[in-house]
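Each reported figure results from applying straightforward, stated rules to the coordinates on display, with no laboratory input. Predicted, not measured: the structure shown is a model, and the values here were computed from it. Cβ sites come from the backbone with ideal geometry, for glycine too, and all protein chains shown count toward neighbours.
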Amino acid sequence: MSHTIFVTGAAGQLGQLVVKHLLARGVAHSRIIAGTRSPEKLADLAAAGIQVRKADFEDPQGLTEAFKGAGTVLIVSTDALDGADTRLKQHRNAVQAAVDAGVERLAYTSQPNPESSRLSFAADHLETERTIKATGLPHVIFRNGWYQENLLRALPNALESGQWHSAAEGGRTSYAAREEIAEAIAAALAAPIADSRTYTLTGPEALSNEEIAELARQATGKPLAVVHVTDQQLVTGLKAAGVPDVFVSVLVSIEAEVRAGNLSIVTDHLEALIGRSPKRLGSYLVEARSSYAG
Ligand SMILES: NC(=O)c1ccc[n+]([C@@H]2O[C@H](COP(=O)([O-])OP(=O)(O)OC[C@H]3O[C@@H](n4cnc5c(N)ncnc54)[C@H](OP(=O)(O)O)[C@@H]3O)[C@@H](O)[C@H]2O)c1
């Protein structure tokens with residue numbers, strides 16, 4: 001198979017890892033195109049013989065040029081969570097540019113269950129999925145579960161005070177390693193084009209915040225208690241800590257999503273694609289200890 005795989009957002013954390021794992025799977029350098037807003041950040045890939053192209057979803061014309069000759073385009077969802085519809089517009093630009101460029105297959109990084117989600121940004125994912133399906137092109141949707149790495153945001157402060165303020169009640173989350181999600185995406189994209197598919201890539205177990213706190217205690221030896229708060233108390237605390245309003249809404253919607261059980265889905269899709277049991281959160285918290293526990 002000779003068709004090329006264009007990875008957008010290739011300077012981002014997930015994008016970089018997808019390129020890494022395509023190479024690790026034996027996909028030839030000549031079959032990979034790395035797209036980014038900042039080609040200068042990917043000088044090492046260019047030096048290794050991978051085509052690096054400028055690809056900014058805010059620049060539809062440039063994007064169509066960039067996608068020319070690509071077989072598959074993986075659209076990595078952007079981080080434009082501004083509370084407006086910026087991100088959805090960016091994704092629609094990317095889909096249209098890929099169609100205009102004549103690509104053979106589309107792929108996209110979405111979220112679990114966008115149809116029933118309470119996340120403030122779920123509509124971006126749902127509408128992008130719909131836009132992709134409406135093209136009629138073969139497609140692969142990767143509904144990515146919550147990264148284990150997301151805990152690096154909450155745990156440092158929580159461990160410092162010994163208290164993890166959470167509005168998630170008993171809700172559970174099936175955290176997965178970002179790197180394994182990238183590996184799974186690479187495995188699916190490296191395979192020959194087949195029927196369109198939606199994967200939901202989750203970790204192997206859904207854990208409550210109490211169970212996660214216990215794992216963090218075991219990993220660090222530090223005390224950590226979950227303190228249950230209401231959404232309103234969380235909003236007050238986040239605002240007092242100087243978190244911008246738009247992120248307050250995002251963070252509170254994440255708690256509501258966990259509480260509703262929407263992030264607790266566990267599938268075997270990740271395991272099937274990477275060919276082994278996905279990393280458990282307890283192992284991650286031990287390995288990443290220095291990143292969140294000083
Ligand atoms: N499942 C989860 O737990 C989780 C957590 C956080 C984020 N996410 C989502 O997954 C995506 C990838 O995660 P990550 O960890 O790699 O995040 P990240 O390191 O923050 O990367 C942000 C990504 O957005 C891309 N981007 C931003 N503006 C763009 C634009 N105008 N045109 C094209 N690309 C643009 C960046 O590409 P370049 O810099 O290369 O241009 C980069 O790939 C995030 O952007 C977000 O949508 C998921």
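Once you divide the Cα radius of gyration of the stretch 221-264 by 2.2 N^0.38 Å, the number left is 1.29. Placing +1 on each Lys and Arg Cβ and -1 on each Asp and Glu Cβ, with no other charges, gives the chain a dipole about its Cα centre of roughly 520 debye.
Using the Kirkwood radius over Cα pairs, work out the Stokes-Einstein diffusion coefficient for the stretch 27-178 at 37 °C and 0.692 mPa s, in µm²/s as a whole number. Answer, rounded: 189 µm²/s.
Build a GNM of the chain with springs between Cα atoms under 10 Å apart, and of 184, 47, 66 the one that fluctuates most is 47. For the stretch 141-294, a crude dipole built from +1 on the beta carbon of Lys and Arg and -1 on the beta carbon of Asp and Glu, taken about the Cα centre, is about 180 debye to the nearest 20.
Among 117, 106, 207, which residue has its Cα positioned farthest towards the positive end of the charge dipole of the chain, with +1 placed on the Cβ of Lys and Arg, -1 on the Cβ of Asp and Glu, and the dipole taken about the Cα centre? Towards the positive end, the residue furthest out is 106.
Pairing the Cα long axis of helix 231-240 with the longest principal axis of the chain, what angle in degrees results, from 0 to 90 and rounded to the nearest 10? Around 80 degrees separate the two axes. Between the stretch 134-212 and the stretch 13-77, the C-alpha centres lie 23 angstrom from each other. On a per residue basis, the convex hull of the C-alpha atoms belonging to the stretch 154-294 measures out at 126 Å³. For the residue pairs 54/279; 41/68; 41/239; 133/239; 20/222, alpha carbon separations beyond 30 Å are given by 54/279; 41/239; 133/239; 20/222. If you take the charge dipole of the chain about its Cα centre, with +1 on Lys and Arg Cβ and -1 on Asp and Glu Cβ, which of 258, 146, 76 is farthest toward its positive end? Highest projection toward the positive end goes to 76. Scattering from the chain was approximated by placing one identical point on each alpha carbon and applying the Debye formula without solvent; log10 I(q)/I(0) at 0.07, 0.14 1/Å stands at -0.27, -1.06. If one takes the longest principal axis of the Cα atoms in the chain, at what angle in degrees, from 0 to 90 and to the nearest 10, does the Cα axis of helix 13-24 lie? Taking Cα atoms only, the helix is inclined about 60 degrees. Counting each DSSP H run of 4 or more residues in the chain as -39500 (n - 2.57), what helix-only mean residue ellipticity at 222 nm follows after dividing by all residues, to the nearest 500 deg cm²/dmol? Result for the chain, helices only: -13000 deg cm²/dmol.
Once you list every other residue whose beta carbon is under 13 Å from the beta carbon of residue 183, what net charge do they have if Lys and Arg are +1 and Asp and Glu are -1?
Its environment carries a net charge of +2.
Binning the C-alpha pair distances of the stretch 223-294 at 5 Å intervals from 0 yields a P(r) profile of 3, 12, 14, 15, 20, 20, 10, 6, 2, 0 %, listed from the shortest bin outward.
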